[in-house]
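Working notes for the structure below.
The values are calculated or read from the model by the stated rules, or taken from the named source; none is laboratory data. In this text, all values refer to a predicted model and were calculated from it rather than measured experimentally. Counting neighbours? That spans all protein chains shown, and the Cβs are built from the backbone with ideal geometry, glycine included.
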């Protein structure tokens, strides 16, 4: 039996709005024309990189929003492999040319468009993840070299993207954590680089269990219905593991009832 109605309590409602818009960071095509790669070993020293590009991924302004996963996607177009050459190698580093800061380590032996995506998080490529999530500018260094004795391998495109998101297909772990207990509602939007379909979902805490599920068409905004919980996560996934599915923006209204 109730002994006190809600209207009898000294309650004060508190509303807050949180906005985070990390969007997509893109180097653009770093190759203005066509480049012939003819060195046969990885160049040593950042000043000898084939290409460089600096990107800045925004950090949430509110500490209750926590970036959990950042995805990067690389595209390289190989036009020709000369007779006598066999492979094109590519390594991409963040800030420092060492194994701990190596984001991509590729070996291709055919022409065409080459696509690869990789997730960084506390459990995978953690030194790089710690850098990319800090809100500062970081430089990506691209090193290319080839194997063989031929005239070289030609490249006509090299581009890298990054965002708060993932390459995980189907359902995966959250890319953004919401450290908050109470009621929330709002809007969120995702997008993708690639040919697959992105998806968004609101999860309880860091769990993989679906709480609310949204299949989102590219660039669409999806409402978050009023719900209550103890910490949340935003999972961003794709249907193609060479895609980057990323968070465009999220706006949350938080509601707490505080008793006086």
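Does residue 50 satisfy being within 24 Å of residue 241 (Cα to Cα) and in contact with a strand residue (DSSP E or B) (Cβ under 9 Å, 6 or more places away or on another chain)?
On the way: within 24 Å of residue 241 (Cα to Cα): no; in contact with a strand residue (DSSP E or B) (Cβ under 9 Å, 6 or more places away or on another chain): yes.
Criteria not met by residue 50.
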Notebook entry, point to check: Failed condition for residue 174, given (1) buried (at least 17 other Cβ atoms within 10 Å of the Cβ); (2) within 20 Å of residue 65 (Cβ to Cβ); (3) modelled with pLDDT of 95 or more, with all others met?
Noted result: (3)
Check: Here are 116, 128: which of them is under 29 Å from residue 20 (Cα atoms) and in contact with a helix residue (DSSP H, G or I) (Cβ under 9 Å, 6 or more places away or on another chain)?
Finding: 128
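Yes/no per residue for (1) under 21 Å from residue 119 (Cα atoms); (2) part of a strand (DSSP E or B); (3) at pLDDT below 85; (4) in contact with a helix residue (DSSP H, G or I) (Cβ under 7 Å, 6 or more places away or on another chain):
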position	(1), (2), (3), (4)
189	yes, yes, no, no
195	yes, no, no, no
206	yes, no, yes, no
214	no, yes, yes, no
218	yes, no, yes, no
231	no, yes, no, no
237	yes, yes, no, no
240	yes, no, no, no
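Would a scan of the range 163-171 turn up a residue that is surrounded by 15 or more Cβ atoms within 10 Å (Cβ to Cβ), part of a loop (DSSP other than H, G, I, E, B) and modelled with pLDDT of 90 or more? Reasoning before the result, please.
Taking the range 163-171 as the starting set, the residues that turn out to be surrounded by 15 or more Cβ atoms within 10 Å (Cβ to Cβ) are 163-169.
This time we only want the ones that are part of a loop (DSSP other than H, G, I, E, B), so: 167-168.
From the residues that got through so far, the ones that are modelled with pLDDT of 90 or more too are 167-168.
Yes, that holds for at least one residue.
Which members of the range 28-54 meet the condition of being closer than 30 Å to residue 234 by Cβ and buried (at least 19 other Cβ atoms within 10 Å of the Cβ)?
In the first step, residues of the range 28-54 are kept if they are closer than 30 Å to residue 234 by Cβ; the result is 28, 53-54.
Selection gives 53 alone.
Hey, can you tell me all the residues within the range 131-144 that are surrounded by 16 or more Cβ atoms within 10 Å (Cβ to Cβ) and either under 20 Å from residue 52 (Cβ atoms) or touching a helix residue (DSSP H, G or I) at 6+ places or on another chain (Cβ under 8 Å) (or both)? Don't jump to the end; show me each part of the working.
Initial filter on the range 131-144 (surrounded by 16 or more Cβ atoms within 10 Å (Cβ to Cβ)): 131-133, 138, 140-144.
Selection gives 131, 132, 138, 140, 141, 142, 143, 144.
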